[in-house]
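Worksheet: the structure to be examined is printed underneath.
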Amino acid sequence: MLGRSIVLALTTTSLAAGAVYTSDWIRVWGPDAGDAALTDMAIPHDKLRILGHSYADVASAINGVVIQQSYDGTNVSHTFAFSALALTNETWNVMVFNKHVRISYTNGAVAQTAFTLVARLVEEI
């Protein structure tokens, strides 16, 4: 069952051929985390997940959808990556291992005319 959530990444801006969307690093747990509504509850990080969805009319680059995690918001320690197919609703569910996360999407060799990417930090209850 899922509890509260906050948006980590959201875009509907189509990408040019080979272009990249990258969210900011967002601190998702620990002191000074980005959203008090979740972090004031002192939710253990093993109860947090990153749920995401993407759709594009053309395929991503190979392993173009990337969910990165970092202990310090600079050095990547965990990466989950996959290739998104054209005209397909792609979804992902990734366990949170570290304090900071960011999402990136690298478009393939053809410009998009339709694109949606949404990622949320979700409390697992």
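Some points to look at:
- Scanning the range 96-122 for residues that are surrounded by fewer than 18 Cβ atoms within 10 Å (Cβ to Cβ) and farther than 17 Å from H53 by Cβ turns up F97, A109, V110, A111, T113.
Rundown of residues vs (1) of a type outside the set (G, A, S); (2) modelled with pLDDT under 95; (3) more than 15 Å from S23 (Cβ to Cβ), yes/no style:
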{"residue": "A56", "(1), (2), (3)": "no, no, yes"}
{"residue": "V65", "(1), (2), (3)": "yes, no, no"}
{"residue": "S83", "(1), (2), (3)": "no, no, yes"}
{"residue": "T88", "(1), (2), (3)": "yes, no, yes"}
{"residue": "V101", "(1), (2), (3)": "yes, yes, no"}
{"residue": "Y105", "(1), (2), (3)": "yes, no, no"}
{"residue": "V110", "(1), (2), (3)": "yes, no, yes"}
{"residue": "F115", "(1), (2), (3)": "yes, no, no"}
{"residue": "V122", "(1), (2), (3)": "yes, yes, yes"}
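- Unmet criterion (only one of (1) more than 13 Å from the chain's Cα centre (by Cα); (2) modelled with pLDDT of 95 or more; (3) acidic (D, E)) for D35: (2)
- Filter pass, T79 being under 19 Å from T11 (Cβ atoms) and surrounded by fewer than 20 Cβ atoms within 10 Å (Cβ to Cβ): no
The values are calculated or read from the model by the stated rules, or taken from the named source; none is laboratory data. Bear in mind that the values here come from a model prediction, so they are computed numbers and not experimental data. Ideal geometry is used to build each Cβ from the backbone, glycine not excepted, and the neighbour counts take in all protein chains shown.
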